[in-house]
Amino acid sequence: MNNPIAQFTQWWAQARIDSPLNQKSAVCISTIDQDGFPAARFVDLKSVSNDGLVFCTYLSSQKGREISKCNKVALTAWWDHVGYQIRVTGTATKLSNTDAQKYWKTRTRAAQMTTHVCEQSQLIDNPSMLGQKVAEYARHNEAEPSKMPTNWGGYSIKPIRIEFLTFKDDRLHIRELFTLRNEKWNKAYLQP
């Protein structure tokens, strides 16, 4: 296959079938922190298309702040049960408010309430306080649909490099590297 976005979509669909994972769409997002070190964490991959690879988060979180300073990011998917790894390098761009709203509406009510109450990545003295705050928020907003907070949204990663690795028991893994040059994907193979 010579279209890495189509290949990513195909592998992602295959990895979700009969997946043993609780978080079937979890991928690792790496950013660059204020000291120039990589910072990695898992997020829920929302969609993949020629427009980019989308995930949502608090815009005021550590990753959001890091992306606002340096939008060069990496995404890694590791699906051991099907023997696939995908590594993506690209630039992250904030989603439009309209697109963020679309993803906000797919969140459960509990997730929406937690998002309203929490300030992701901020210090907290007592984690049990959060449960109380969520319960209080729920009581005061029981009848209302949960509006998207201004500090929540998402990012679309526009890939410039995608590597697909198919694991082999004999360690002769197949590594396909796609590099974007002049809006065209070039494919090469790497040794395992």
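The values are calculated or read from the model by the stated rules, or taken from the named source; none is laboratory data. All figures in this text were calculated on a predicted structure; none of them were measured in a lab. Don't worry about glycine lacking a Cβ; one is built from the backbone with ideal geometry, like all the others, and counts go over all protein chains shown.
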Restricted to the stretch 138-192 and to residues being in contact with a helix residue (DSSP H, G or I) (Cβ under 7 Å, 6 or more places away or on another chain) and aliphatic (A, V, I, L, M), the residue nearest to Gln62 (Cα to Cα) is Met148
Taking first residues from the stretch 129-146 that are modelled with pLDDT of 80 or more and second residues anywhere that are among the hydroxyl-bearing types (Ser, Thr, Tyr), the pairs with Cβ under 7 Å that are 6 or more apart or on different chains are Val134/Thr114
Of the listed residues (Gly83, Gly90), the one being within 28 Å of Leu190 (Cα to Cα) and in contact with a Lys or Arg (Cβ under 7 Å, 6 or more places away or on another chain) is Gly90
The number of residues in the stretch 175-186 that are under 24 Å from the mean Cα position of the chain (by Cα) and either over 18 Å from Ile157 (Cα atoms) or not in a strand (DSSP E or B) (or both) is 3
Just checking, does the stretch 120-141 include any residue being in contact with a strand residue (DSSP E or B) (Cβ under 8 Å, 6 or more places away or on another chain) and surrounded by 11 or more Cβ atoms within 10 Å (Cβ to Cβ)?
yes
Screening Glu176, Glu163 for residues that are in contact with a strand residue (DSSP E or B) (Cβ under 6 Å, 6 or more places away or on another chain), surrounded by 17 or more Cβ atoms within 10 Å (Cβ to Cβ) and more than 30 Å from Thr106 (Cβ to Cβ) leaves only Glu176
For this session: For the stretch 34-57, indicate whether the set of residues that are part of a loop (DSSP other than H, G, I, E, B) and surrounded by 14 or more Cβ atoms within 10 Å (Cβ to Cβ) is non-empty.
Result: no
Of the residues in the stretch 81-123, those that are in contact with a helix residue (DSSP H, G or I) (Cβ under 7 Å, 6 or more places away or on another chain) and not in a helix (DSSP H, G or I) number 6
Verdict on Ser146 being more than 20 Å from Asn22 (Cβ to Cβ), surrounded by 13 or more Cβ atoms within 10 Å (Cβ to Cβ) and out of contact with any Lys or Arg (no Cβ under 8 Å at 6 or more places or on another chain): no
Exercise. Evaluate the stretch 137-150: report whether one residue or more is among the hydrophobic types (A, V, I, L, M, F, W, C), over 27 Å from Ile67 (Cβ atoms) and over 26 Å from the mean Cα position of the chain (by Cα).
Key: yes
The lone condition Leu172 fails out of (1) over 19 Å from Ala92 (Cβ atoms); (2) under 27 Å from the mean Cα position of the chain (by Cα) is (2)
